[in-house]
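Bear in mind that the values in this text are calculations on the coordinates, not laboratory data. In this text, all values refer to a predicted model and were calculated from it rather than measured experimentally. Here the Cβ positions follow ideal geometry from the backbone for every residue, glycine too, while neighbour counts run over all protein chains shown.
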Amino acid sequence: MLLAQSLKDLFYPPLCLSCKQWLIKGESSLCFACLSQLPETRYTIDTKNPVAQILWGRIPLKYACSFLIFNQLNRTHDILHNIKYKGNKELAKYLGKHYATTYLKQLELLKIDEIIPIPLHPRKKRIRGFNQAEYFAQGMAEILQCICNTGGLKRRSFTTTQTKKSRAERWENVREVFICPTPELANKNILLVDDVITTGATLESAALALLKKKPKSIGVITLAFAND
């Protein structure tokens, strides 16, 4: 097996999932250069950081946080474009693993029972081919050794993209769009996961659907935070 892998690496060298340069010994999925340039928020998992403040007074959350800062000029923009439009599912999953590994001690204290990613409408998922939030959630779940419940939420209807919508338009676009078909959430610590948070309208709508099942707590973590 080792010989076969060595031969494969010789003829098909592993590439960085972000910049596509060859990986060297000790690197995995992302090269050291790309890892060092990730614009991390470094927010603690609590109710006081800028991500949590977006949702203050809207839904009762135990915590809210994001891994990376997103704007049109930084590396997160390139990473999300790579995932969303080039079908780089493994990059989304790797980032979930990397985030959970980096903040493992904090996350373990939360005693997360289930991770529920924000779902795409089936039609949009067929068009795109996959749900990037789902793969980010799966990566986290592998490290935290908890359930990734990809069926925990469903969309009632197809919604148009949130891009370029005002805050009020974003909320109206996703108001009551989610249902929670999972009955066994009572007294569980739930982590709601999405790819990007901007106004928080999508996460608010999803959390309201989950609250009807009376979980013990709900927290939010996103891959990126659009702060501009």
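Less than 5 angstrom separates the built amide H of CYS31 from those of LEU17, SER18, CYS19, all sequence-distant by 5 or more or on a different chain.
Across region 95-106, rounded Karplus estimates of 3J(HN,Hα) from the backbone phi angles (6.51 cos²θ - 1.76 cosθ + 1.60, θ = phi - 60°) give 5, x, 5, 5, 5, 5, 5, 5, 10, 4, 4, 5 Hz, Gly and Pro being marked x.
Can you give the longest run of the chain that contains no trypsin sites (Lys or Arg not before Pro) sitting in a DSSP loop with at most 13 other Cβ atoms inside 10 Å?
Here the longest segment lacking exposed loop sites spans 49-110.
Pick the calculated P(r) over Cα pairs in 10 Å bins from 0, in percent for this structure from (1) 7, 28, 33, 24, 8, 0; (2) 7, 29, 32, 20, 9, 3, 0; (3) 8, 32, 37, 17, 6, 1? Among (1) 7, 28, 33, 24, 8, 0; (2) 7, 29, 32, 20, 9, 3, 0; (3) 8, 32, 37, 17, 6, 1, the one derived from this structure is (3). Across the chain, Cα pairs under 8 Å and at least six residues apart give a relative contact order of 22 percent.
For PHE70, the residues 5 or more places off, or on other chains, whose built amide H falls under 5 Å of its own are PHE225, ALA226, ASN227. Taking amide H atoms as placed 1.01 Å from N in the peptide plane, the amide H of CYS148 lies under 5 Å from those of ILE115, each 5 or more residues away in sequence or on another chain.
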